[in-house]
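The values are calculated or read from the model by the stated rules, or taken from the named source; none is laboratory data. Just so it is clear, the structure is predicted and the values come from calculations on it, not from any experiment. All Cβ positions, even for glycine, are placed from backbone atoms using ideal geometry, and neighbour counts span all protein chains on display. Ligands, DNA and RNA are excluded from the accessible area calculation, which covers all protein heavy atoms including side chains. Shrake-Rupley method; radii C 1.70, N 1.55, O 1.52, S 1.80 Å.
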Amino acid sequence: MNGTLQIRDHLLNELKTGVRTGASLIRLIRSEDWSYRPQENMRSLAELVHHFIQITASDLAIMQEKGEAEVGLVENSLSGTQDIEKLEATLWSNFESYKAYITGLSEDDFLNRSTKAFYMEHGHLQVQWQIETVTHVFHHRSQLYNYLKQQGHELNFFMLYA
């Protein structure tokens with residue numbers, strides 16, 4: 001395997017770590033936690049979880065140049081859902097779809113194919129989108145960790161990498 005594909009796979013493994021450890025945090029949510037909102041101008045825990053779960057699906061839709069309405073449907077498809085098993089299944093299904101797309105790209109497409117999000121003037125290369133998705137997942141996993149800490153859950157840093 002060449003270096004480019006090794007880097008792609010390392011990024012996928014990091015993404016999988018973020019998804020796996022995010023799933024472990026989601027499994028800790030109690031029924032009374034769902035409505036928690038740290039401040040009025042922030043997402044509730046339920047909104048944050050739904051967004052986190054849909055990152056790989058919505059980022060994939062954006063990478064594939066879907067329009068605002070189509071991306072919005074993806075992002076809002078879990079509204080009202082608090083069934084942990086369904087949420088976790090969706091998280092993993094979204095990850096697998098994203099992984100299939102990324103691994104299905106030729107090396108040339110991965111490095112050189114540019115796609116443009118509906119909200120941007122210029123496109124990004126697929127490799128850039130992959131890096132964006134990894135950072136996006138870790139950003140919101142960190143928020144999820146903090147929300148749960150603020151709700152009194154016994155958490156430790158090591159669980160983010162176990």
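Treating cross-link reach as a plain straight distance, find the aspartates and glutamates whose alpha-carbon is under 20 Å from the alpha-carbon of residue 116, omitting any fewer than eight places away in the same chain.
Straight-line reach from residue 116, under 20 Å: 59, 65, 68, 70, 75, 107, 108, 132.
For 92, 34, give the ranking by accessible area with the largest first, probe 1.4 Å. Can you show the working numbers first?
Details: 92 70, 34 15 Å².
Per-residue accessible area, sorted high to low, gives 92, 34.
May I ask you to order 9-20, 110-121 by the average number of other C-beta atoms within 10 Å around their residues, highest value first?
Going by the mean number of other Cβ atoms within 10 Å, highest first, we get 9-20, 110-121.
Subtracting the Cα-Cα distance from 0.36 nm times the residue separation, let me have the gained length for residue 85 to residue 120 in nm, one decimal. Write down the numbers at each step before the final one.
Values: separation 35, 0.36 × 35 = 12.60 nm, distance 3.50 nm.
Taking 0.36 nm per residue and subtracting the Cα distance, the gain is 9.1 nm.
Express the carbon and sulfur contribution to the solvent-accessible surface of the chain as a percent, rounded to the nearest whole number, probe 1.4 angstrom.
Result for the chain: 50 percent of the exposed heavy-atom area is carbon or sulfur.
Given 16/86; 16/149; 99/149; 16/66, which pairs have Cα atoms separated by over 26 Å? Intermediate results must be reported in sequence, preceding the final value.
Values: 16/86 18 Å; 16/149 23 Å; 99/149 30 Å; 16/66 24 Å.
Beyond 26 Å: 99/149.
On average, how much accessible surface per residue is there in the chain, in Å², for a 1.4 Å probe, leaving out ligands, DNA and RNA?
Each residue of the chain exposes 53 Å² on average to a 1.4 Å probe.
If I fit a long axis through the Cα atoms of helix 3-26 and take the longest principal axis of the Cα atoms of the chain, what angle between them do I get, 0 to 90°, rounded to 10?
Its long axis makes an angle of about 20 degrees.
To the nearest 0.05, what FRET efficiency results for residue 4 and residue 34 with a Förster distance of 41 Å applied to their C-beta separation? Could you put the intermediate results ahead of the total?
Values: r = 42 Å, r/R0 = 1.02.
The computed FRET efficiency comes out at 0.45.
What FRET efficiency, computed as 1/(1 + (r/R0)^6) with R0 = 30 Å and r the Cβ-Cβ distance, is obtained for residue 161 and residue 128, rounded to the nearest 0.05?
On the way: r = 25 Å, r/R0 = 0.84.
Computed FRET efficiency for residue 161 and residue 128 comes out at 0.75.
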